[in-house]
Amino acid sequence: MFLGKKTVIAVLLLCAAVLIFVRIQPRPVLTGGTPFSRAVYAENGELLRLTLADDEVFRLYTPLSEISPALIKATIFYEDRLFRYHQGINPFAVARSFWTTYVKKQRVVGGSTITMQLARVLYDIDSATVPGKLNQMLHAVWIEARYSKDEILEAYLNLAPYGHNIEGIGAAGLIYYHSRVKNLSTLQSLTLCVIPQNPNKRVPTNENGWRELKKARDPLMYAWVAAHPEDTDKLSHFSLPVQIYRISDLPWLAPHFADGVLQSYPRVSEYFTTLDLETQKAAERVIKEFVERNAAFGIKNAAALLVNNRTMAVEAAVGSADFFDGAILGQVDGTRSMRSPGSLLKPFIYAVAIDQGLIHPHTLLKDAPRRYGLYSPENSDRGFMGPLFAQDALIQSRNIPAVDLMLELQPPDSLLELLRNSGVKNLRNAEFYGAALALGGFELTMEDAAGLYASLANSGEVKSLRKLQSDVSTVIARANSPEAAYIVTDMLRHNRPPLVRGFRPNLPFPVAYKTGTSFRFRDGWTAGTFGAYTLVVWVGNFNGEGNPNFSGRGAAAPLFFQIVQARMPFITVPEEKGIPPELNVKYVDICSVTGELPVDYCPEAEPTLFIPGVSPITVSDIYLRIPVDIKTGLRACGYDPATTRMEVYEFWPADILELYEKAGIRRKTPPRYMPDCTLDQISYRGAPPVITYPQPRVVYDVNHSPGEGGEIPFIASGGADVDSIYWFVDNKFVGEAANGKPFFWKAVTGGHHLQAVDNLGRSSSIAFDVM
């Protein structure tokens, strides 16, 4: 009996409707819910780390597009040649399997298609029994009705067993061949594709397993060549030894860096990083040798971070001297740990001061004992150098000049805002830090420091670091102008390298670097730029235990330059082209002693970098030509060719002159006036006194003033020809003190006008407040 035409059409329409219904149902990803491993690669594609999936299986999800075409073809050729044509079941293979296994009872022959094998894995089906096999076939048909062939093949290749606790071709390729599966050769593909049929027997990492694998693979090779004549020339390769790696051979490289990537980025299967593995290994080797050589000095741990300034790519990151050494807390990542930087960030105080027109490299600063409220900072050598240029104060890391400059910045919390805007975390308000902020009284990471120092090479822009090749570095903040960044970099290039193993490094390129030592010698730092790179180095203990040998100059700097030397063969030396034409920077001659624009009597001039329209322009009034009485040698009241001669003397402010004297440096100071000179004759010459304390625009707390019993010291520095300073508060005389010495005033709350008048009649004034 034949079905009518209408019946056939109805059946076909019903089948189509069922198929459409099945297709439009929500389709979960075939591998959904299956945990997968994660792989981290170096910049050159070499594997750094392959993690276990949550179920303790190596299983790396790999899209079909990332799998070698040869592997895909070999798998279909070996497992299921009609895969692209059947609907989940190959009736010919099923019939052959049934006939051989159950009728002739010769041997067990599998008739599973790739889809059936996938169904067995997905639904945990026992296919060794007839009911189980039927269940497997039904599920295969169901899968075929809902998913495309490529989806099915991709799921199978990601879930198929490949021996041991390895599932999926992605993990198999990395473990057995140390190769991403997209790069597998035809020989490697043919070798791997036979494992899933019997993964327990065909394990390639032992002798018996390799023998069983070859039994299945070798006939496949000849069948493959017969079907693919273009690969005939590869037959000679099939007999060559094959390098097979074990799970124990999996690399564990750059462990802190890999951990950081896995912890910091969203979960994906593969991470392609910026790490330069050769540089990483060189840095690890240098740190290991450095720690071994200095173990007798208590130096047991160190860390380093290298960043490419042009791309902001992290090319090396060594978090500790030994990841596996529990005694030094080796698994702590020093590149991401918060530590006190000491003086490491002083260059950015100077850069802001340059931008605000407070200094240029040869501005004369004072390194002398100072008190800031209840805080009296010292230098690491517990001494003071007196007057010195800004450049020297920076590279010699003098504390008082840095604090003075920071307190002169406007607004007063300029440095704190720079740090906050640059991404430094967990910062408190300015009042919490006070003057200690200039000396590293806070914490930041090596990554923070690298971003800041790289800004010196990037025209003052702080940019985000890149750890993945897909990352895009963005501008986080502008730390300084391009001009200030250029000038500070030039200043730091005058910082001579330290001795390294008894020798001073002689590098073919300039290195602009700065050291830092935290409170109680807990951390030694060095950071700097060279070529296209920024390098940050840290020496210390993660438990915070201090050691006098943890100094920036004595420990971190030698390690810094050893890493630089290890990287030296790969550094392109930039051609010196002078000041970039786009910068508003030029060289200006200044008096080599005063740091000011020279006058006729300056003994010697030298050039300094200068920002026109920004840098301070002051004409030196230190060197003056004055009349001296020929008979007495005293300063004459006026010039008379018959009784006087003209001589050049140095008119230093009293505070600077005192510093020179303490440093044992004699200056040619002017003689006293002749006794018959009147005040009218002498008061119009010379500079008025400079009030150095109290400072204008500062509110002083009478309960926490520097003096005792609520007193505030008044200090003014007059010229070298001044003996005394007279003090007036709100136009009332309150007392007298020697030039440059303090007068203590009993503080009264409110706003006040303070005037200092020297004994030669010159005066200056400020306003200040007391609360």
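Listing for the model above:
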| read-out | value |
| --- | --- |
| Binned Cα-Cα distance frequencies in the range 615-771 - 10 Å width, integer % | 11, 34, 30, 18, 6, 1, 0 |
| Rg ratio (alpha-carbon, reference 2.2 N^0.38 Å) - the range 245-402 | 1.41 |
| Residue 629 accessible area, assembled protein chains, probe 1.4 Å, Å² | 20 |
| 222 nm mean residue ellipticity, helices alone, for the chain (DSSP H n ≥ 4; -39,500 (n - 2.57); rounded to 500) | -9000 deg cm²/dmol |
| For the chain, alpha-carbon Rg relative to the globular expectation (2.2 N^0.38 Å, N residues) | 1.43 |
| Whole-Hz ³J(HN,Hα) from phi, Karplus 6.51 cos²θ - 1.76 cosθ + 1.60, for the range 202-209, glycine and proline x | 9, 6, x, 9, 10, 4, 5, x |
| Cα-only radius of gyration and Dmax that characterise the range 138-253, units Å | 15.4, 46 |
| Packing rank of 113-121, 133-141, 350-358, 67-75, where each peptide gets the mean count of other beta carbons within 10 Å, highest leading | 113-121, 350-358, 67-75, 133-141 |
| Peptides ranked, highest mean first, by Cβ atoms within 10 Å: ranges 214-227, 446-459 | 446-459, 214-227 |
| In sequence order, calculated HN-Hα J values of the range 412-422 (Karplus, 6.51, -1.76, 1.60; Hz; x Gly/Pro) | x, 9, 4, 5, 4, 5, 4, 5, 5, 5, 7 |
| Convex hull per residue volume in Å³, alpha carbons only, for the range 493-619 | 180 |
| Solvent-accessible area, 1.4 Å probe, carbon plus sulfur percent, for the chain | 55 |
| Span from the the range 725-742 Cα centroid across to the the range 410-484 one, whole angstrom | 42 |
| Coarse-grained scattering of the range 408-554 at q = 0.09, 0.22 Å⁻¹, given as base-10 log I(q)/I(0) from a Debye sum over alpha-carbon atoms | -0.31, -1.54 |
| ³J(HN,Hα), Karplus 6.51/-1.76/1.60, whole Hz, each residue of the range 234-246, x for Gly, Pro | 8, 4, 5, 7, 5, 8, 6, x, 10, 7, 10, 9, 9 |
| Whole-Å distance, taken between Cα centres, linking the range 645-661 and the range 265-288 | 58 |
| Computed log₁₀ I(q)/I(0) - Debye formula, equal Cα scatterers, no solvent, the range 611-700, q 0.14, 0.23 Å⁻¹ | -0.70, -1.22 |
| For peptides 578-589, 229-240, sequence by mean Cβ density within 10 Å, most packed first | 578-589, 229-240 |
| Alpha-carbon Debye profile of the range 181-337, log10 I(q)/I(0) at 0.15 Å⁻¹ | -0.88 |
| Geometric extent, Cα atoms of the range 406-485 - Rg, Dmax (angstrom) | 13.3, 42 |
| Beta bridge orientation in the chain: antiparallel %, DSSP, nearest 5 | 90 |
| Amide N of the range 149-171 lying under 13 Å from the label point, which is placed 7 angstrom from the Cα of residue 200 along Cα→Cβ | 163-164 |
| Proximal charge balance of residue 529 [Cβ under 13 Å; K/R count +1, D/E count -1] | +3 |
| Cα centroid separation - the range 543-569 against the range 117-173, whole Å | 56 |
| Contour minus Cα-Cα distance for residue 242 and residue 272 (0.36 nm per residue) | 8.1 nm |
| Net charge of neighbours whose Cβ lies under 12 Å from the Cβ of residue 593, counting Lys and Arg as +1 and Asp and Glu as -1 | -2 |
| Sorted largest first, extent of the range 470-510 alpha carbons per principal axis (Å) | 42, 30, 15 |
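The values are calculated or read from the model by the stated rules, or taken from the named source; none is laboratory data. None of the values given here were measured: they were computed from a predicted structure. Ideal geometry is used to build each Cβ from the backbone, glycine not excepted, and the neighbour counts take in all protein chains shown. Quick note on the areas: whole protein, heavy atoms, side chains included, nothing else; ligands and nucleic acids left out. Shrake-Rupley method; radii C 1.70, N 1.55, O 1.52, S 1.80 Å.
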